[in-house]
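This is the structure I have questions about; it appears just below.
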Amino acid sequence: VKAYVWGTGGKEKEWSGNAMTKLGRNEYNHYIYSYTVDTAKYQSIIFNNGTEQTKDISLTADKVCYYPNSDSSPYTVSSYPFKDSYIIGQ
């Protein structure tokens, strides 16, 4: 999974972005990935696997979980605050 990030600071890296860090799994056995963004320079992100992707996401807060809530690419997403306790397995 990659994070493509851009904003007033330009593009952090060309498409398809930087690889994210796999942290583990959640209670639903879904993988959780992490990526740190300098929100002073970059205000938008797209998560992708090189082919499928989310729609453009506006970054508005720190430590946020994003998850797809549509069935096809480009995926719309919803979000909720992230807590380390969400990671239960590797």
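Taken together, the values in this text are just the output of simple stated rules run on the coordinates, not laboratory data. Just so you know, these numbers come straight off a predicted model, no measurement behind them. Methodologically, a virtual Cβ is constructed for each residue, glycine included, from the backbone with ideal geometry; neighbour enumeration extends over all protein chains shown.
First select every other residue whose beta carbon is under 14 angstrom from the beta carbon of Gly24; then total the charges, Lys and Arg +1, Asp and Glu -1. All intermediate terms of the calculation are to be shown ahead of the outcome.
Values: positive: Lys22, Arg25, Lys83; negative: Glu27, Asp84.
Every neighbour counted, the sum reads +1.
Can you grab the distance from the C-alpha centre of the stretch 1-35 to the C-alpha centre of the stretch 44-76, Å, no decimals?
Centre-to-centre (Cα) distance: 9 Å.
Near Val77, within a Cβ-to-Cβ distance under 11 Å, what is the net charge of the other residues, with Lys and Arg +1 and Asp and Glu -1? Mind showing how you got there, number by number?
Details: positive: Lys55; negative: Asp56.
Spelling it out: positives minus negatives among the neighbours equals 0.
Can you give the relative contact order of the chain as a percent, counting alpha carbon pairs under 8 Å and 6+ residues apart? Before the final figure, lay out the partial values.
Numbers: 172 pairs, mean separation 24.7, N = 90.
Worked out over the chain, it gives 27 percent.
May I pose another question? Lysine pairs in the chain with alpha-carbon atoms under 15 Å apart, 8 or more places apart or on different chains: how many are there?
Working: Lys2/Lys11; Lys2/Lys13; Lys2/Lys22; Lys2/Lys55; Lys11/Lys41; Lys13/Lys41; Lys63/Lys83.
Lysine pairs meeting the criterion: 7.
Still on this structure: Mind checking Rg over Rh on the chain, alpha carbons, Kirkwood formula for Rh?
Working: Rg = 12.9 Å, Rh = 13.6 Å.
On the Cα set of the chain, Rg over Rh gives 0.95.
Near Phe47, within a Cβ-to-Cβ distance under 12 Å, what is the net charge of the other residues, with Lys and Arg +1 and Asp and Glu -1? Write down the numbers at each step before the final one.
Values: positive: Lys2, Lys55; negative: Glu52, Asp56.
Residues near Phe47 contribute 0 overall.
Run the quick spin-label model on Asn29 and Gln43: label points 7 Å from Cα toward the beta carbon, then report their separation in nm to one decimal.
Distance between label points: 4.2 nm.
Let me ask another. Can you pull out the trypsin sites (Lys or Arg not before Pro) in the stretch 1-66 whose DSSP state is coil and whose Cβ has at most 10 other Cβ atoms within 10 Å? Don't skip to the answer; put the middle values down first.
Values: sites: Lys2, Lys11, Lys13, Lys22, Arg25, Lys41, Lys55, Lys63; in loops: Lys13, Lys41, Lys55, Lys63.
For trypsin sites (Lys or Arg not before Pro) across the stretch 1-66 that sit outside H, G, I, E and B with at most 10 neighbouring Cβ atoms in 10 Å, the list reads Lys63.
So between Thr36 and Thr76, what do we pick up on full extension, going 0.36 nm a residue minus the alpha carbon distance? List each step's numbers first, then the result.
On the way: separation 40, 0.36 × 40 = 14.40 nm, distance 2.07 nm.
Gain on stretching Thr36 to Thr76: 12.3 nm.
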